[in-house]
């Protein structure tokens, strides 16, 4: 077999992490993107900046804060322990939370751009046809922003697959739980198993290229309203 | 927002100054050594480096990290002039592969393993807690990469607890991260290097059990000079200094044994 069972397990885990993160971010990121695209509040700047922070911050900073806040002496750790969930570091769901923060801008920004690009006009027209605000959002805004969602989904998914630093800091390298493909490769390199590292690295390289190729080759049909 | 011109000019000047700031000018006699050091040896190395710099006027630039990573980096041209490894295997390989200076290898420290918790009183002076299972996670260094991790797994095997505790393990990438998992309280317990918790001859905080040396193979840590540093007086003197009684006493203070 080209890849070992451990590699396949790491890949499966990576895909699961990326899928769940992307789904959560569709739900969490869309309202943020909508608000950012429509608001005139003076909080628009600060919120936009916070959303973009993971683009700039080193993963070590994010990983460090997550480890400390989710630890037993941190506020999130206190909360999860009180709720009986236990501690999040070294668990799959801890990685999910880390990835949601880490990939947030990759979801919010393309969707926000799509919402902004459609302008007010389609929504106003729908309003004159007596569509309720919720109706307008789901039947007008979301379909019009669909290309933005596709871009955001692909970028978020791919970015989560490529995550390394945050996982290294809060994962604890547990097979089947937190040992994702990038960490597995790192282990191989450190253990001088370059053959194994090459094989898994090649898989990730091809995968990343194909995803980006799909993204850049894909052109949405321009819609007229 | 518009940036006022004099503000932006000041910013530019500050940036230019920062970029152009010269490093410390090297003097004629004092040299600089660039050394890669295994993470477990961080604390003693800092003390030894300070003494060495005082005594010789040379300066030492140290990088601390996983031995395996340093090995890979050195094989790929990293500018280190000596490696203080956490094991014997990597220095031996470097020497065999012609990157290390033949005959320059020596054991600078023999490490001790400790079962440690950041909570005072949690670990009695024995392995009983491991048997009761009254803890959330047990942090160990990745045994594939770190000799202290290997020693930890050997200890668990010797105690016949390896299979039972396997599901509770979290792995640090090196011994520093392993310690950090325990120190932040995310793992109740961990097998760390005694040097990480030892100060002035005793365990400085939390609670711990020093693992008897017969439960695992000795953790002999070797240093090797690399070809890059063979003609650098700072490196040559540092290697000799590490074997001096003064440095060896510091090393013992941190819970290592010496030869």
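The values are calculated or read from the model by the stated rules, or taken from the named source; none is laboratory data. Computed from a predicted structure; not experimentally measured. Here the Cβ positions follow ideal geometry from the backbone for every residue, glycine too, while neighbour counts run over all protein chains shown.
With respect to residue A:55, determine if the residue is at pLDDT below 95, exposed (fewer than 14 other Cβ atoms within 10 Å of the Cβ) and within 14 Å of the chain's Cα centre (by Cα). Yes, satisfied. Being within 12 Å of another protein chain (Cβ to nearest Cβ) and either part of a helix (DSSP H, G or I) or at pLDDT below 90 (or both) is the requirement here; does residue A:99 meet it? So residue A:99 fails the test.
Results for (1) buried (at least 19 other Cβ atoms within 10 Å of the Cβ); (2) part of a loop (DSSP other than H, G, I, E, B); (3) at pLDDT below 90; (4) within 14 Å of chain B (Cβ to nearest Cβ), shown as yes or no for each residue.
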residue: A:115; (1), (2), (3), (4): yes, no, no, no
residue: A:150; (1), (2), (3), (4): no, no, no, no
residue: A:160; (1), (2), (3), (4): yes, no, no, no
residue: A:184; (1), (2), (3), (4): yes, no, no, yes
residue: A:199; (1), (2), (3), (4): no, no, no, no
residue: A:211; (1), (2), (3), (4): no, no, yes, no
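Scoring residue A:50 on the criteria (1) in a helix (DSSP H, G or I); (2) buried (at least 16 other Cβ atoms within 10 Å of the Cβ) leaves a single failure, condition (2).
The requirement of being within 14 Å of chain B (Cβ to nearest Cβ) and more than 20 Å from residue A:54 (Cα to Cα) is not satisfied by residue A:165. None of A:143, A:122 is assigned to a helix (DSSP H, G or I) and surrounded by fewer than 16 Cβ atoms within 10 Å (Cβ to Cβ) except A:143.
Scan region B:149-182 residue by residue and report those that are in contact (Cβ under 8 Å) with a residue 40 or more places away in the chain, facing chain A (nearest Cβ under 10 Å) and over 21 Å from residue A:189 (Cα atoms). Across region B:149-182, the qualifying residue is only B:181.
Scanning region B:116-123 turns up at least one residue that is under 18 Å from the mean Cα position of the chain (by Cα), modelled with pLDDT of 95 or more and not in a loop (DSSP other than H, G, I, E, B).
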